[in-house]
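Undergrad: This is the structure I want to talk about, given as structure tokens.
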Amino acid sequence: MAFQIPGLSALNKPGLIQGFKVSKDQLTTIVPVAVAAALSTYILMRYFSSQSSPKSRVNMTINKDSPKVVHSFDMEDIGSKAVYCRCWRSKKFPYCDGAHAKHNEETGDNVGPLIIKKKTS
């Protein structure tokens with residue numbers, strides 16, 4: 001027994017594609033296969049996208065016993081220039097020691113330091 005898919009009856013005019021007919025037996029096979037294919041594709045995409053960009057910690061070693069790492073500086077104490085680390089790899093953290101260069105080379109990242117200078121009038 002075949003039935004007409006709703007909305008496709010308009011195609012049953014001279015010069016257009018004939019209507020699309022699917023039997024119940026075909027439909028009971030097509031639908032589960034299509035759902036399984038879509039679900040498999042979705043799961044594989046999620047798996048491979050998580051492999052290419054894993055979510056990892058930025059701070060690997062600095063003040064790990066603290067719930068939040070915060071540093072505060074007074075502008076008067078900075079002097080004429082201060083260079084602060086933004087890659088979290090510096091051995092002198094919070095100051096930059098150039099560790100971002102190795103980090104960028106290993107990861108393809110482009111992070112650099114925060115440089116604060118006093119204006120010269």
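None of the figures in this text is laboratory data; all of them are computed from the coordinates on show. Predicted model only: the values in this text are computed from it and were never measured. Note that each Cβ is placed from the backbone with ideal geometry, even for glycine, and that neighbours are counted across all protein chains shown.
Undergrad: Applying a 10 Å radius around every beta-carbon, put 87-93, 64-70, 112-118, 38-44 in order of their mean neighbour count, most first.
TA: 87-93, 112-118, 38-44, 64-70
Undergrad: Mean projection of the alpha-carbon convex hull of segment 57-121 over all orientations, in nm²?
TA: Projected area, direction-averaged: 5.5 nm².
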